[in-house]
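What follows is a single structure, written as structure tokens, with notes after it.
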Amino acid sequence: MDARVINAARQATRDLFSTMIPLPLVPGEPRGLKEIQERFDVTGSIGLSGDCPGAVGLRFPKLLAAKVASAMLGSTVSETSIEIQETVGELTNMIAGGMKNILHDQAIRFDISLPTVIVGDNHTFNIMADTEGMAIPFDVQGLLFVVEVCLKKK
Amino acid sequence: MTPTNDDIKHYILSLTPTIWSTTAQLEVHPSPDGHALPDTAGTLGACVHISGAWEGAVVLQCAPGLAARAARVMLHLPSENASAEDMRDALGELANITGGNLKAALPSPSHLSLPVVAQGDDLIVRVLKSRRIAQLAFESEGFPLVISVLMKEVK
């Protein structure tokens, strides 16, 4: 998988937290998708079309989604609030948008779709088609979320 | 010419039975229960996005029993059981075909995204920054299937 895309996902996520979410973020090493054993409750997803067709997924346990939304919005957001969906969708949009800007400077160009949000305790999430994917784990105060990047195989 | 919302509804109503019968050998009929989303554990939801001259998404949601029946035919499974992965493959492909057929009726050029499929209890699938222009309920062998079409909100 093109390391530039993974690096762009990691950088875009770090940039987002440093500018908009006042929580300490510790990035982990990218892993294969099947190595991620955790289950998640809220997922944001955006499709990529153009030079690197694929998708980006942002996956949270609901406790961490509420914590991140609360920090971002500056007010307490409950785990079942609809604001969680809006926030995770917007975060996914911003990470994909950040990746687009970073990769544009490296002559990799793509468009992004509308964000989709999936909610359901411990749901599974898969990007179908012949793709290769990596997951970047991030730790926020002992809780884990992942940014998944799947690209169509060439 | 851009189809109207009613055009899109009628297109999905006529397209869906054809897709499911030719691809999965399942008879699918409009549901008399209206727009009842699958209310079972392990519901599957598949979404494809259309972008370009027209922007929006198609979402298919169904009970696992229906996805399993589709998977057995589409994947030529030898046994009665379909795995979670098989069901995801089947519904993802059906979403892909539905989206691809709808795209052909929409302004061009438009592109289809890769399908994403989720499965879980009390599953919610929302396409943000859009408005729903069609939600159609079907049933097959007693299992519910709901197909929604969403269009990008223009502000």
Legend entry - Criterion violated by B:ALA82 - all others in (1) within 14 Å of another protein chain (Cβ to nearest Cβ); (2) surrounded by 14 or more Cβ atoms within 10 Å (Cβ to Cβ) satisfied: (1)
Inset, instruction - Collect the residues in region A:73-91 that are within 25 Å of A:ILE36 (Cα to Cα), at pLDDT 90 or above and more than 9 Å from chain B (Cβ to nearest Cβ), keeping them in residue-number order. - result: A:ILE84, A:THR87, A:VAL88, A:LEU91
Inset, instruction - Collect the residues in region B:13-33 that are surrounded by fewer than 16 Cβ atoms within 10 Å (Cβ to Cβ) and of a type outside the set (Ser, Thr, Tyr), keeping them in residue-number order. - result: B:LEU13, B:GLN25, B:GLU27, B:HIS29, B:PRO30, B:PRO32, B:ASP33
Legend entry - Residue within region A:40-56 that is touching a residue at least 24 places away in the same chain (Cβ under 8 Å), under 20 Å from B:ASP122 (Cα atoms) and not in a strand (DSSP E or B) present: no
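Let's see how each residue does on (1) of a type in the set (Lys, Arg); (2) assigned to a loop (DSSP other than H, G, I, E, B); (3) closer than 30 Å to B:THR2 by Cβ:
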{"site": "B:CYS47", "(1), (2), (3)": "no, no, yes"}
{"site": "B:ALA70", "(1), (2), (3)": "no, no, no"}
{"site": "B:VAL73", "(1), (2), (3)": "no, no, no"}
{"site": "B:HIS76", "(1), (2), (3)": "no, yes, no"}
{"site": "B:GLY92", "(1), (2), (3)": "no, no, yes"}
{"site": "B:THR98", "(1), (2), (3)": "no, no, yes"}
{"site": "B:PRO107", "(1), (2), (3)": "no, yes, yes"}
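Only one of B:VAL73, B:VAL117 is touching a helix residue (DSSP H, G or I) at 6+ places or on another chain (Cβ under 6 Å) and closer than 24 Å to A:GLY54 by Cβ. Can you tell me which?
B:VAL117
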Inset, instruction - Can you confirm whether region B:146-153 contains a residue that is surrounded by 20 or more Cβ atoms within 10 Å (Cβ to Cβ) and facing chain A (nearest Cβ under 9 Å)? - result: yes
Legend entry - Output for region A:31-64, where each listed residue is away from chain B (no Cβ under 13 Å) and surrounded by 20 or more Cβ atoms within 10 Å (Cβ to Cβ): A:PHE60, A:LEU64
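For (1) at pLDDT 90 or above; (2) more than 14 Å from the chain's Cα centre (by Cα), each residue gets a yes or a no:
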residue	(1), (2)
B:THR2	no, yes
B:HIS10	yes, yes
B:LEU13	yes, no
B:THR18	yes, no
B:THR23	yes, no
B:ASP39	no, yes
B:LEU44	yes, no
B:GLY52	no, yes
B:GLU55	yes, yes
Legend entry - Candidates A:ASP139, A:ASP121, A:ASP130, A:ASP111 - the one that is more than 21 Å from B:GLU55 (Cα to Cα), acidic (Asp, Glu), within 14 Å of chain B (Cβ to nearest Cβ) and touching a Gly at 6+ places or on another chain (Cβ under 7 Å): A:ASP121
Inset, instruction - From (1) out of contact with any Lys or Arg (no Cβ under 9 Å at 6 or more places or on another chain); (2) at pLDDT below 95; (3) surrounded by 23 or more Cβ atoms within 10 Å (Cβ to Cβ), pick out the condition that doesn't hold for B:ALA63. - result: (3)
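The values are calculated or read from the model by the stated rules, or taken from the named source; none is laboratory data. Everything numeric in this text was worked out from a predicted model, so none of it was measured. Neighbour counts run over all protein chains shown; Cβ positions are idealised from the backbone, glycine included.
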